[in-house]
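Just so it is clear, none of the values below were taken in a lab; they were calculated from the coordinates. Treat the numbers as computed from the prediction; the structure is a model and nothing was measured. Cβ coordinates were reconstructed from backbone atoms using ideal geometry, including for glycine residues, and neighbour counts include every protein chain displayed.
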Amino acid sequence: MQWSDLWAAVALYLVLEGILPFLKPDLMKRMMATFANMADSSLRLWGLISMSAGLALLYLVRS
């Protein structure tokens, strides 16, 4: 892996993260309020699921 691949991935992450607040800021606010009221264990579980899905997709793409 080259450093340019890492920076490209970071750039793509930032683009994808910015889509929802740009297009639907009201929805983003409601989602953040919902996350603020969730239990820590639920947030950790969803974080684990998200990381696992990302790793699996990265493995499939890179192999």
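Summed over the stretch 11-63, the residues that are hydroxyl-bearing (Ser, Thr, Tyr), under 24 Å from residue 1 (Cβ atoms) and either part of a helix (DSSP H, G or I) or in contact (Cβ under 8 Å) with a residue 24 or more places away in the chain (or both) give a count of 4. The set of residues from the stretch 34-51 being farther than 19 Å from residue 12 by Cβ and either polar (S, T, N, Q) or exposed (fewer than 10 other Cβ atoms within 10 Å of the Cβ) (or both) comprises 34, 36, 37, 39, 40, 41, 42.
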